[in-house]
Structures are given as structure tokens and as C-alpha cells.
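In what follows, a structure is listed as C-alpha cells, so that the remarks can point back to it.
The values are calculated or read from the model by the stated rules, or taken from the named source; none is laboratory data. Keep in mind that this is a model prediction, so the values were computed, not measured. Neighbour counts are summed over all protein chains in view; Cβ atoms, including those assigned to glycine, are modelled from backbone coordinates with ideal geometry. The area values use the complete protein model at the heavy-atom level, side chains included, leaving out ligands, DNA and RNA. Shrake-Rupley method; radii C 1.70, N 1.55, O 1.52, S 1.80 Å.
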Amino acid sequence: MGNRLTGQTVLVLGGRHLGGAIAAAATAEGARVHVASHRPGGLHIDLRDETTIAATAAELGAVDHLVNTASAPHAVPIRELDRDRTVDAFAAKVIGPLLLAKHFTIRRSLLLFSGQVGWRPARGNVVTGVTNGAAAFAARHLAAELAPVRVNALSPGIIDSGAWDAKGEAKPDFLASAARRTLVGRAGTVADVTDAVLWLLGAEFLTGETIHLEGGRP
């Protein structure tokens, strides 16, 4: 435990997988942490519904840092694209963050989550790729819009966060294959992400940037 965030308020959107770990890491650094989710119970923010964003912003008041880990992947071939799920994907990564910036008073920083798929086009990933890439552009432009509040994006590679547990018995081989594509020889861990997030929250001379946390994957 440290004191890097003592006296500061952090709002994390998304309490599963990485969101929960980020909340715990920020708490360990002395922050007052709030976690919001579209799920029932606790603070309610549905990035598809502006009224929930406005209501929670009014309830909480100003926050020092806001971290958006929300996602709504829609990884299908273009012929199978569903319009509503595509809109949901953009709401999570692009439209929602713009509305968060509209309604919340943020004192220090806004951190968005992108992802490596945004820079590696492949069949069946067009929606996921475009929305993750757009998150990086959102950070760049919001940094200018909200200055001197800092806005950055974090783009993780393959992280063993629990998100891949659905692969079941195939998960170890999947992570081993991902590890072989990195320069450090392993897949990412939750601690890798939380360390990067804590650094970004305190990096006072960094804004408008996307940090690629991919183990040096070419």
C-alpha cells in the first residue's frame, strides 16, 4: 500500500475483471474510490443512456480521476453485423466517454481504455477494431477540449484478467500463443494493467497519448 492517491477521488466504470482490480489498486494507494456499472445495484451508469450519466455526475459531484474500462465487443464478419450491437460498442468506447466528459467535473485526469485490436486489422474484428482505434482519437481530442485536465488512453494486449476464462481448457494454449508473440515472452497480468493505470493517473506531463501495454509485441 502507498499514498500516491491520498485525498483524491477516483471513479471507475466497469466493476468486472480489470475494473475491479483498478478500483482495489487505487484504494490501496489511498484514493476514495467509486465503482459504477450498468448492472443493478450500486452506482448506475449505462453509457447508452445519457440520463444515467447525468444523474450519477450530479450525485457524486467532482472527481479527481475517471477511468472508463467499459466495453461491448461485437466481433463478427461484416455480413453478420448487428446495428444495435454496433451502436452499443461505440457507446462504450467513444460516445459514452464524450458524455462522461460533458457531465462530470473532472479535476485531474480522464483515462480511456483502447485495445491492441484497434491497430491490427483482421477479418471479423471490424467493429471491435474501429471502436478501440476511435478511443485513442477520443483521448487525443478530449485532451485539447478539457485542458488542463489530462486525457489519455491505455491499450492493453492479451491480459489474463478473467476475460478469457470462457475459453476453458483452451485458455492455457491461447495465452501461451499470445506470449510467444511478445518480446517479453509472456502474456500480460492484471498487475501490469493496474501498475500502468496508477502511473497514468499521476503522470502530470502526459496528455493526449495512447500507451500500448503489449509486452513489445511487434
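Brief remarks on what is shown
- Protein heavy-atom accessible surface, 1.4 Å probe, per residue over the stretch 39-88: 57 Å².
- Relative contact order (%) - the chain, alpha-carbon pairs under 8 angstrom, separation at least six: 18
- Length added when fully stretched, residue 27-residue 60, from 0.36 nm per residue minus Cα-Cα: 10.2 nm
- Full-extension gain in nm, residue 39 to residue 6, via 0.36 nm per residue minus C-alpha separation: 9.0 nm
- Most mobile of 129, 61, 19 in a GNM of the chain (Cα contacts under 10 Å): 61
- Cα gyration tensor shape for the stretch 110-185, rounded if a/c is under 1.5, else prolate or oblate: prolate
- Sequence-ordered 3J(HN,Hα) estimates for the stretch 95-109 from the Karplus curve with 6.51, -1.76 and 1.60 and θ = phi - 60° stand at 5, x, x, 5, 6, 4, 5, 5, 9, 8, 8, 10, 7, 10, 8 Hz, glycine and proline given as x.
- Accessible solvent surface per residue of the stretch 91-218, calculated while the other protein chains remain in place, 1.4 angstrom probe, Å²: 50
- Among 200, 146, 13, the largest mean-square fluctuation in a Gaussian network model of the chain (Cα springs under 10 Å) belongs to 146.
- Here the accessible area is traced with a 1.4 Å probe on the protein chains. For the stretch 87-199, carbon and sulfur cover 58 percent of it.
- Surrounding net charge for residue 129, when Lys and Arg each add one and Asp and Glu each subtract one, Cβ distance under 12 Å: +3
- For residue 213, the residues 5 or more places off, or on other chains, whose built amide H falls under 5 Å of its own are 155, 157.
- Put simply, the amide H of residue 11, placed in the peptide plane, has neighbours under 5 Å in 34, 65, 66, 67, leaving out anything fewer than 5 places away on its chain.
- Whole-Hz Karplus values for the stretch 33-44 come out as 10, 10, 10, 10, 8, 7, 7, x, x, x, 5, 10 Hz, taken residue by residue from phi with 6.51 cos²θ - 1.76 cosθ + 1.60 and θ = phi - 60°; glycine and proline positions read x.
- ³J(HN,Hα) computed for each position of the stretch 197-202 - Karplus, 6.51 cos²θ - 1.76 cosθ + 1.60, integer Hz, glycine/proline x: 5, 4, 5, 5, 5, x
- For the stretch 29-114: rounded, prolate or oblate by the Cα gyration tensor [a/c cutoff 1.5]: prolate
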